[in-house]
Each structure stands twice: as C-alpha cells, then as structure tokens.
1. What nm value, rounded to one decimal, do you get for the distance between Lys161 and Arg40 when each label is placed 7 Å out toward the C-beta?
2. Would you mind computing Rg(Cα) / (2.2 N^0.38 Å) for segment 311-417, counting N as its residues?
3. What ranking, highest mean first, results for peptides 204-212, 293-301 when packing means the other Cβ atoms within 10 Å averaged over each residue?
4. So what is the accessible area of segment 280-378 per residue, in Å², with the probe set to 1.4 Å?
5. Over segment 102-229, average the accessible area per residue using a 1.4 Å probe and give it in Å², no decimals.
6. Restricting to Cα pairs below 8 Å that are 6+ residues apart, what does the relative contact order work out to for segment 210-317? Please round to a whole percent.
7. Which order do the peptides 360-369, 239-248 take when ranked by the mean count of other beta-carbon atoms within 10 Å per residue, highest first?
8. May I ask for the Kirkwood hydrodynamic radius of segment 261-383, worked out over all distinct Cα pairs and given in angstroms to one decimal?
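The values are calculated or read from the model by the stated rules, or taken from the named source; none is laboratory data. The structure presented is a predicted model; accordingly, all values stated were derived computationally and were not measured. Cβ placement follows ideal geometry from the backbone for every residue including glycine, while neighbour counts extend to all protein chains displayed. Quick note on the areas: whole protein, heavy atoms, side chains included, nothing else; ligands and nucleic acids left out. Shrake-Rupley method; radii C 1.70, N 1.55, O 1.52, S 1.80 Å.
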Amino acid sequence: MATPRACLTSPTSGPLPAICPRAIRTGSWLAPAPANKLRRHAALAACASACVVTLLAGAADARSLNHKYKSRGHSEAYVPRYNPVRESPFEFPGSQYMPVPWSEIAGWSEDDPREAFAAFQASCRPISAQRKPSTDSKTLGDSLRDACAAAKSADVSDAAKTRVFFETNFRPVRISRLGEPEGFVTGYYEPIVDGSKTKTDVYTVPVYRRPSNLFVRGYSQASPSLPNSGDVFRKIGRRKLVPYYDRAQIEDGAIAGRGLEIAWLKSQTDLLFSQIQGSARVRMEDGSFVRINYDSHNGYRYTPVGRVLIDRGIIPREQMSMQRIRQYFEENPDAANEVRRQNKAFVFFREVQLSEKDEAVGAQGVPLTPGRSIAVDKALHVYGTPFFVEGELPIETEISKTPFRRLMVAQDTGSAIVGPARADLYFGAGTEMGRIAGRIKHPAKFVMLVPNSLDPSARGHNMPLPDIRPSAKIAKLFPQTPVTEPAKVEVAKAEPPKTEAVKPEPPKAETAKPETAKAPAATPEKPAAAKTEPVSEAKPAIPAATTVPLPAPKPAEIAAIAVPAAAVAAIPMPEARPTSAPQLAKNPPPEAKQEAKPQRAKYKRRVHRRAPAQPSSFFRFPWQ
C-alpha cells in the first residue's frame, strides 16, 4: 500500500482537505501477515509430532503382534514388513498335481516329439493372432505366448533338439482327478460314409445344417460355430423362446422341407456315428468328397448308446465297441430306433472346404494330427497345451497291451470329455482307424507341460501357511462332526416287542382252565404263537411235569365261548362320537363364560396430563 502524502496547506486557511491526494489501494487493508519463518516452524513442528505419534502406535501394534506370535509357539519375533499382493497358487478345480522331473517320465527319452512340435506350431497360429488378452479364467491363460514365440526360431532338426525345446520352455506336472492316481482315455476318428447330394431310394437320411431359428445365449446367429453345451432355444413368433426339438422329433420330420440338407446318407446309424465323432467325409456317387464338421447342437445332454445297451444287458461291458454297436443296430433295426432315441442330443453340421488329403479341423480351428492331437475339457484346459500320455492300449489287436507313450497337443473338445485327466485320442480317418479308436477305453497317466512363467512350486512358497492345528483337548471339546447317540437306536429297536406283549391273548386260552395257558402255542396258527412268545419269556418257567396239554377246541366251540369281562375291561375303548354337536346354553353363568373364553389382558391406558392452569390476573392488554 502506498504511503499517503500530506495535504497542501494554505497560508490563510490552513490545510486544504478538498485537494488532499487520496491513497491508492495496492494490497490488502487487513493487518500484515506474520513472518514466513514463524509459519514454517509451526508446520515443521506439526509434522514432527504426527510422525512421533505414528511411530508410537506402530511400536504398540508390533508389541501386541509379537506377543500373539510367540504365544503360538514361534521362537522368532514378529517383524512387520511390506506384504505385496501374492499370486494365487497353481490350481485346477477338482484335481491334484505334482511337479516331476523329466527323468521320471516313462518313455520321454524314447518318443520322437517332432510331429507333436508341428502340431504345437499349428496351435500357436491362433494363439499369436490374439491381440487382446484372453478373458478366460483358466489356469494357463495366455502363458503359452512365450513358448509360441520361442518356437518360431527353435532348431528342431532332430528328435533330441526338439526334446530340448520342450524341456527348456516347459516344466512337467503330473495331473489327475482328485483322489485318483490315473486318468482315462478313449479314441475317435473321422468316418468315411457314402452319401448323395439328392434324396433317393437308397439315401434317405438327411444331414442338416444349423437352422435359422436356433438360438444360444451369448451368441449371435453370425457366429461361425456354437458351443457343444448349454441351453439352446427356438423362437416362436417374435419373443417366445422354447427348448429346441430333440432327436426323435427331428427324425420324425420337425425341420424337414426347409432346405437345410447338406447331403443324404444311407442309414441313421451312419449319421449317429458321424455326430459322435464330430466330423465326417461323405463320399458321393461320382467319387468326390464333401467334408462336414461340427457346427451346433440342439441343447440336450449326450447319452451314450453303448451305456444304454450295457445297462439293459444286451451287450456285455467287456465286449462293448463301436463295431459291436453297429452290428446290433443292423441286426435289430426296430430296437435300434428306440435305443438311438434315448440319446436326445442332435448335432448340426457345416460344410468345410477341405481336400481329400487334409485332416479334420478341431475345435481350435486348426487341422488335427493323427496320433498327436487330443480332445480335452475346454472348461479347464487351453487349446495348444502339450500333454504326455502314458498307458497300455489295445492298438495292434483287441487283447494286446501296446505301450502308448507319446507327446500330444490339445486341439479339440467333446461334450463327453470332462475332467482334468480325460482325453480323446485322434487316430485319423477310415474304417481301420475306426476299429482302433472304437476299442480304446482304458486308464492312462497324464503329464501336463506347463510354461515356465507359471511355476507352481514358486507360487506355493509365497502363499501364507494355515493356522496351527488345535490340540487334542480343543478338538475333543469342539468336535467338527456331530456325535450320534446309539442309545436312541436301541430304544427304538426295543419298542416293537413291548407293543406285542401288551396285546391280550385269545379268549380261548382264558376260558378253559388255568393249565391251558399254553394251548394256543400248540395250534397250527403261527401268528398267534409268535405273538405270545414275549409274554411267555416274561412269565416264570413252569415245570414240564405239572403242565397237562389239552386238545385244541374246535372252531365251533371257540365261536361259542363268551369273552370274559376282565379281558374287555383291560382294553380301553374310545368314546362314542356324538351324533350332533352339543348345543351351548343361551345364558351361561358368568363362571362358565370365563372358562370358555379367557379374559383378555388389560393394558394400561396412557394418560396425557394437562399443564396446570395459570393463575388469573387482573392485568389486561388494551387489545384483550
């Protein structure tokens, strides 16, 4: 603020305030602020006090935690430290796993993994093409990207170098279902069936493509293929959705005449096996092939027809195979229709542009490799994951135990493939491959190759340990499972004999003589003798010399005997039901009225007290 100057002074009139220069405001009119040093010192003092309080509180917490830590039996003191966010352990739902060294895998050094490496490279193409991270909550997730990147520049000129690639980029983990030491494998193939482009007298069974009124939640009609599980609906009108047709309705012509036919086959058995395998090669009359592949299903759960035949005792379990099922269907066409319709699931196909030499395309969208591709549970595993399968399978003959120790790659799935150690081995196309695949249903061991970025051992070390197991005294005082009381069971078992013992004896034993108490036991009526056994056990034993058995009376004499009054009095009879409801008196006495209707509880009435009246005064305002 500028310093005001003094007013001009007239020699005759003195100071002239009218021409006094006014002060110009250049700052605040308030009092000057305190010095900056004082403010800085006050802020530093407040920060120092806050730090001291924080340190004292932390020391108190550390002392309390140290006391709790030592009370649990730990010798070392508790040291508070920064606790970073830990990654969850390596986990598969409903499974058990154990890391194993490469040397403990039987057959790993003898197998030639070059074909498996080629299948792995084929699976890496769609994995590397993904620009966005996967939203699936599977255990492996996007961890195969690093191994796919290393596969582009890997040297796989021989089996040993290919084996080094997998040993460098993966770690083996033996996996199985929880509580089971092994997994289970089956086989599948691509059937070759005869067909025609048009319907004839020989080819009468249609192969349908996906109908336009089929809807799956979460998918649009423009999706290239729909999942093999979940609810499927058909639209009626504009908004109403109902379950789709089952196999019986479709075979009876529910969707016929809509132009959905891709080809026509000879029998329903050829169509059924094509649907079970998920793909087929239809050989036309002119020698050309039409390749069909899975596209969608009608939403019903798959029921194996082989299980139906086993449960009915038609085919023994040890003789079950695809060839045996086909033989039974051909010999019993009427029964085949009923058995086949027990499987309500129905598969719709799409035509794929593949040549005769190309292999079938799996669920991952890449061609399958015979002997190296497997179908797995897609809810647990990621396509492209390598598995080493160990087992003894009947590959050469039906009774042979051929050692099967190969590195396989997950590239397909199936509705019947459920579990962490469950796989379907792909053997190729043709009748001979179908024979081999049809007789494989055997246990096997699974070793999953996990990328190095997912180390289950390292993740397990970072997880906190559970609480210490309680002592035997605490476990006895607070049991986890309820203790059953066996006394109640014994009482319940002892009750029926008591009810039998109270029943009166037949009147014929009472009316004769006292010595004839055991006469009913000699009669041929078994129920009467059984009922009197508890009573005879309760009475004292009578010597055999004093008992004189009398002949049993005739039925006419039994009917003539009158029932004694003592026996009638021993059995209380219920009171007779009145013919009409009793009428109440019109004017009952007050005592009876109180008994019939209990007096209602009295509640205190709330009393609102008024303010005391003010004393009157003679003073009044003028307006009163």
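1. For the pair Lys161/Arg40, the computed spacing is 7.1 nm.
2. Working: Rg = 17.5 Å, N = 107, 2.2 N^0.38 = 13.0 Å.
Dividing the Cα radius of gyration by 2.2 N^0.38 Å gives 1.34.
3. On the way: 204-212: 17.7, 293-301: 20.3.
Top of the packing list down: 293-301, 204-212.
4. With the other protein chains kept in place, segment 280-378 gives 50 Å² per residue.
5. Details: 6810 Å² over 128 residues.
Per residue, segment 102-229 has an accessible area of 53 Å².
6. Numbers: 98 pairs, mean separation 30.9, N = 108.
Answer for segment 210-317 is 29 percent.
7. Values: 360-369: 21.4, 239-248: 14.9.
My ranking of the peptides, most packed first, is 360-369, 239-248.
8. One decimal place: 16.4 Å for the Kirkwood radius.
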